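**Q** Okay, here's the structure, questions in a sec.
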Amino acid sequence: MAYNHGWEERKWRLWKEAEEKILREYDVSERIIEEIRIYDRAEFNSVEDLLDEVDSEALYRTLLTVERRTLLVLLLKMQGYATKEFL
């Protein structure tokens with residue numbers, strides 16, 4: 001299945017809405033919720049940036065078929081993080 005930005009965006013928004021509802025139930029401040037949203041949005045966009053920079057068409061097509069979490073792990077490894085830092 002090819003990567004569909006609109007679908008991924010929709011899934012992200014639904015996930016964020018559910019997460020923020022839980023945070024509010026635990027009386028987390030709106031400031032903290034906003035900071036988390038900004039951070040998560042940057043992570044979402046960083047995966048988009050990774051896909052934009054792939055020069056090999058074969059690699060690009062392969063990356064389009066993997067889960068978003070796998071792409072995030074790949075991006076973090078490329079940025080120099082150790083595997084144990086994000087597992």
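**Q** Yes or no: residue 56 among the hydroxyl-bearing types (Ser, Thr, Tyr) and more than 22 Å from residue 10 (Cβ to Cβ)?
**A** It is true that residue 56 is among the hydroxyl-bearing types (Ser, Thr, Tyr) and more than 22 Å from residue 10 (Cβ to Cβ).
**Q** Which of the following residues is open to solvent by 80 Å² or more (accessible area, probe 1.4 Å), among the charged types (D, E, K, R) and at pLDDT 85 or above: 69, 61, 31?
**A** 31
**Q** Here's a follow-up. Out of all the residues in region 72-86, which are surrounded by 10 or more Cβ atoms within 10 Å (Cβ to Cβ), part of a helix (DSSP H, G or I) and either without any contact (Cβ under 8 Å) to a residue 24 or more places away in the chain or touching a Lys or Arg at 6+ places or on another chain (Cβ under 8 Å) (or both)?
**A** Across region 72-86, the qualifying residues are 73, 76, 77, 86.
**Q** Let me ask something else. Can you tell me how many residues within region 8-28 are loosely packed, with under 11 Cβ neighbours inside 10 Å and among the aromatic types (Phe, Trp, Tyr)?
**A** Going through region 8-28 one residue at a time, the tally reaches 1.
**Q** Which pairs have Cβ atoms under 7 Å, sit 6 or more apart or on different chains, and link a residue in region 13-33 that is free of Cβ contacts under 8 Å to residues at least 60 places away in the same chain and assigned to a helix (DSSP H, G or I) to one that is among the charged types (D, E, K, R) and surrounded by 10 or more Cβ atoms within 10 Å (Cβ to Cβ)?
**A** Taking only residues 6 or more apart or on different chains, the pairs are 16/37; 16/40; 33/20.
**Q** For region 34-58, which positions are open to solvent by less than 70 Å² (accessible area, probe 1.4 Å), modelled with pLDDT of 80 or more and aliphatic (A, V, I, L, M)?
**A** 36, 42
The values are calculated or read from the model by the stated rules, or taken from the named source; none is laboratory data. From a predicted model like this one, the values you see are computed outputs, not experimental measurements. Please note: Cβ atoms are built from the backbone with ideal geometry, for glycine as well, and neighbour counts cover all protein chains shown. These accessible areas exclude ligands, DNA and RNA; they are computed on the full protein's heavy atoms, side chains included. Shrake-Rupley method; radii C 1.70, N 1.55, O 1.52, S 1.80 Å.
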